[in-house]
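Here the structure is laid out as structure tokens; the discussion comes afterwards.
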Amino acid sequence: MNRLSVKNVSKSFPTLDKSLNVIDNISIDVAENEIVGIIGPSGCGKTTLFNIISKVLPYDSGKITIDSKDLDSKHGICGYMFQEPLLFPWMKALQNIMLSYEVKSIPKEKAKGNAISLLEDFGLSQFANYYPYQLSGGMKQRIALLRTVAFNSKLLLLDEPFGSIDAITRLDLHYYLLEIWKKLNLTILFTTHDIREAILLADRIYVLSKQPATVVDIIKVELDRPRKIEQLTTKKAVAIEKRLIQSLKHTQ
Amino acid sequence: MKKYITSVAFFLLFVFIWQIAVNFLKIEKWILPSPLQILNSLLESKELFVYHLLPTLFEAFLGLFISVILAIIVALAMKLSRLFYNIIYPFLILSQTIPFIVIAPLLSVWFGFGLIPKVILIAIVCFFPITLNLFAGFEAIDHSFISLLDSMGANKIKKIKFLYWPSSLPYFFSGLKIAASYSIISAVVSEWVGTDRGLGILLIRSSKSYVTDRVFATILVITFLSILLVLLVETLQYISIPWSQNNKILKRSKYVKKNNISYPDFYRNFNRSLFL
């Protein structure tokens, strides 16, 4: 069954003289427990698409369902992680995670218990009482990831999740994400403009064109899990990388 | 501390010259008292100053308290309702051009000579800096945080609780600091119109009876109270905003990068040094 289904969705923004078509008839499916990557030139409308799925922005036409329920119903909200960690500077790591529960009107005591056990499960309990300014970039991103999971552990939208992180820390974060994904049976849709990141993480990769965004190619990544960085040099992976580069060339 | 040394030295030099000049030129006490005479007057009538200081301080606190509550309500209403903002904002700015001292006699006509007209004047004067600063804080919020809360389906009350209020606290306190320094002065001015106890009436009486050294001493007390109140607000700010003790932190983080210290160890030591 599809956890998320995006069917023929279009979106345009009004400008001064005409309307700017940002997303043109896009269809994306994400099955339960699947990791799907979206790759495309920057500014192609990936973030707009995520804003639509998470109900930050309305859309013009098409249909979006989460667990077969229409997005317009109250159930449609998913865990959305932005490009920046966006941890609230006035909250300690623990309180930042508690926020996800408190927004859903879960009582404070229970929210605290949930947040503490989440931090413990994923090895960050020693950072519970740090303010964001005391944390490194990678650690901030980890906390932000846990906050997103705390909000909704069924469907995660990750918008260029590790774009601002240096390459060495990024690999740690990839493994960290995959560990959480496996333990909690997450379903993940993420965007990236890093080809290797897409191959390392995803089961399937959608290639989007330049604005207005349309789906140019869908590539299956049939690499064994658990994934390791070394697999990126295997013949299979290299073939996928070549095809991705080809598809991305067509988008220019 | 080092940076204050020159200004303290300059001040002491000024006081010294003042003292010498008064002695040397034999200026009458009722025209210009010397610093020593002022100090003497202050110590001589300690009880008198305490007697007049208490109601002034009480009025200032009460007025400040009321203005804080009003300011929070109005600033929030301006943020939440565009219509309210459109109606009220021009008047807020315009009202800044009114010298509020001139309405003190009016308030006295309407409310008599008791506590009420004084507290109203102080509240009006203190209300504007807090409201404008708090509203500026609301407007300065990073829009990404609003999108994040939108994506979580947070309602307005939760947005205020988790985002608007905490992120505007530094603005709120800079407004409160200005208001705190205004509050004592407004209390003194409001007492000029009429009362039987307060630093304002002490000032007027002393000057009318040419006890000039006491006038200076009263001014000294007023200044001291204002500084005390501002320091109190600064302390409150420091306690309420533990996440932005920024200067020290910035220096420290450069130190961390340079010496490649791992974060947990570093902050364990750092926190210790912060609290001991």
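Values for this structure:
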| item | result |
| --- | --- |
| By accessible area with a 1.4 Å probe, ligands and nucleic acids excluded, highest first: order of B:Trp243, B:Trp165 | B:Trp165, B:Trp243 |
| Viscosity 0.692 mPa s, temperature 37 °C, Stokes-Einstein D of the range B:65-197 from Kirkwood C-alpha radius, µm²/s | 203 µm²/s |
| Hydrodynamic radius by Kirkwood, which averages 1/r over all alpha carbon pairs of the range B:1-40, in angstrom | 11.1 Å |
| Cα pair distances of the protein assembly as shown binned at 20 Å [whole percent] | 17, 38, 26, 15, 4, 0 |
| Area accessible to solvent at A:Phe151, 1.4 Å probe radius, in Å² | 20 Å² |
| Descending semi-axes in whole angstrom, ellipsoid equivalent of the range B:106-172, from the Cα gyration tensor | 38, 12, 8 |
| Accessible-area ranking of B:Thr97, B:Thr195, largest first, probe 1.4 Å | B:Thr97, B:Thr195 |
| Positive-end extreme of charge dipole, chain A - chosen from A:Gly45, A:Ser209, A:Ile64 (charges on Cβ) | A:Ile64 |
| Cα-Cα pairs of the range B:1-133 separated by more than 17 Å (percent) | 74 percent |
| Residue-wise HN-Hα coupling along the range A:9-18, computed from phi with Karplus coefficients 6.51, -1.76, 1.60 (Hz; x: Gly, Pro) | 8, 10, 8, 9, 9, x, 10, 4, 9, 9 |
| Prolate/oblate/rounded call for chain A, Cα gyration tensor, a/c under 1.5 rounded | oblate |
| The range A:14-128: Cα Rg divided by the 2.2 N^0.38 Å rule of thumb | 1.34 |
| 3J(HN,Hα) from dihedral phi, the range A:52-66, Karplus parametrisation 6.51/-1.76/1.60, rounded to Hz, x for glycine, proline | 6, 5, 8, 6, 6, 10, x, 10, 7, 8, x, 9, 10, 10, 10 |
| Other-chain or far-sequence residues with amide H under 5 Å of A:Ile38's (modelled H) | A:Phe190, A:Thr191, A:Thr192, A:Tyr206 |
| Theoretical FRET efficiency, 1/(1+(r/R0)^6), r = Cβ-Cβ of A:Ile168 and A:Gln83, R0 22 Å, to 0.05 | 0.65 |
| For the protein assembly as shown, with +1 on Lys and Arg beta carbons and -1 on Asp and Glu, the positive-most of A:Ser19, A:Pro132, A:Ser5 along the dipole | A:Pro132 |
| Simple Cβ-charge dipole of the range A:15-143, Lys/Arg +1 and Asp/Glu -1, about Cα centre, in debye nearest 20 | 500 debye |
| FRET efficiency estimate (nearest 0.05) - Cβ-Cβ, B:Phe58 to B:Leu94, R0 25 angstrom | 0.20 |
| Where labels lie 7 Å past Cα in the beta-carbon direction, separation of A:Lys228 and B:Arg82 in nm | 5.8 nm |
| Stretch in chain A that is longest and holds no GluC sites (Glu not before Pro) that DSSP places in a loop and that have at most 16 other beta carbons within 10 Å | A:33-221 |
| Between 0 and 90°, nearest 10: helix A:108-121 axis offset from chain A longest Cα axis | 70 degrees |
| Karplus (6.51, -1.76, 1.60) ³J(HN,Hα), θ = phi - 60°, over the range B:185-198, in Hz, Gly and Pro reported as x | 4, 5, 4, 4, 4, 5, 7, 4, 5, x, 5, 10, 9, x |
| Folded to 0 to 90 degrees: helix A:137-151 orientation relative to chain A principal axis, Cα | 90 degrees |
| Cβ-based charge dipole, the protein assembly as shown, positive-most Cα from B:Phe65, A:Leu248, B:Leu229 | A:Leu248 |
| For the range A:88-134, diffusion coefficient by Stokes-Einstein and Kirkwood Rh (Cα), 37 °C, 0.692 mPa s, µm²/s | 311 µm²/s |
| Net charge contributed by nearby residues that have their C-beta within less than 15 Å of A:Phe88 (K/R +1, D/E -1) | +2 |
| B:Ser244 paired with B:Val102, simple spin-label distance in nm, labels 7 Å along Cα-to-beta-carbon | 3.6 nm |
| Difference of contour (0.36 nm per residue) and Cα-Cα distance, A:Ser153 to A:Lys7 | 50.3 nm |
| Pairwise Cα inverse-distance average, inverted: Kirkwood Rh of chain B (Å) | 22.4 Å |
| Label-to-label distance, nm, for residues given as B:Trp18 and A:Lys18 (7 Å Cα→Cβ offset) | 7.5 nm |
| Accessible-area order (highest first, 1.4 angstrom probe) of the listed residues A:Leu171, B:Leu106, A:Leu244 | B:Leu106, A:Leu171, A:Leu244 |
| Rounded accessible area of A:His193 (nearest 10 Å², 1.4 Å probe) | 110 Å² |
| Area accessible to solvent at B:Tyr85, 1.4 Å probe radius, in Å² | 40 Å² |
| Total formal charge among the other residues, if their Cβ is under 9 angstrom from that of B:Lys118, Lys/Arg +1 and Asp/Glu -1 | -2 |
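The values are calculated or read from the model by the stated rules, or taken from the named source; none is laboratory data. Everything numeric in this text was worked out from a predicted model, so none of it was measured. Reconstructed Cβ throughout: ideal geometry from the backbone, glycine too, with neighbour counts over all protein chains shown. Note: accessible area is taken over every heavy atom of the protein model, side chains too, but ligands, DNA and RNA are not part of it. Shrake-Rupley method; radii C 1.70, N 1.55, O 1.52, S 1.80 Å.
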